1. Name the residue, out of A36, A14, A50, A46, that is touching a helix residue (DSSP H, G or I) at 6+ places or on another chain (Cβ under 6 Å), modelled with pLDDT of 80 or more, surrounded by 10 or more Cβ atoms within 10 Å (Cβ to Cβ) and hydrophobic (A, V, I, L, M, F, W, C).
2. Out of the residues in the range 23-66 that are assigned to a loop (DSSP other than H, G, I, E, B) and of a type in the set (S, T, N, Q), state the one that is farthest from E13 (Cα to Cα).
3. Find all pairs meeting these conditions: Cβ atoms under 7 angstrom apart; at least six residues apart or on different chains; first residue within the range 43-63 and within 18 Å of F31 (Cα to Cα); second residue at pLDDT below 75 and aliphatic (A, V, I, L, M).
4. Regarding I65, is this residue among the β-branched types (V, I, T) and at pLDDT below 75?
5. Consider F29 against the criteria (1) within 24 Å of P80 (Cα to Cα); (2) modelled with pLDDT of 90 or more: it satisfies all of them except one. Which criterion is unmet?
Amino acid sequence: MSIERVSGASGVEAWLVEDHSIPIVTLAFAFAGGAALDPVGKEGTASMAAALFDEGAGTTTAPPISAGSASLPASWSLAPGRMN
């Protein structure tokens, strides 16, 4: 399996790995943030924000967000933990 390094006009770099034997698209993002940037004394802030991500915002409550996600042939998750 080949791994191709690609970059966009903005300088964002990614690895492109293609395997046409199965009909799946997977995207993974990692960047400095999340728990690594929690202020001292406020550890857990990023974890709490991630847990609240699908609870609604503004006039949209959690059930419509969950229902909208459930109707898509896709899934998503957040992992705000520290990566070593």
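The values are calculated or read from the model by the stated rules, or taken from the named source; none is laboratory data. What you see is a predicted model, and the numbers here were worked out from it, not measured in a lab. Note that each Cβ is placed from the backbone with ideal geometry, even for glycine, and that neighbours are counted across all protein chains shown.
1. After applying the criteria, what remains is A46.
2. T59
3. A50/L78; F53/L78
4. For I65, the condition - among the β-branched types (V, I, T) and at pLDDT below 75 - is met.
5. Answer for F29: the failing condition is (2).
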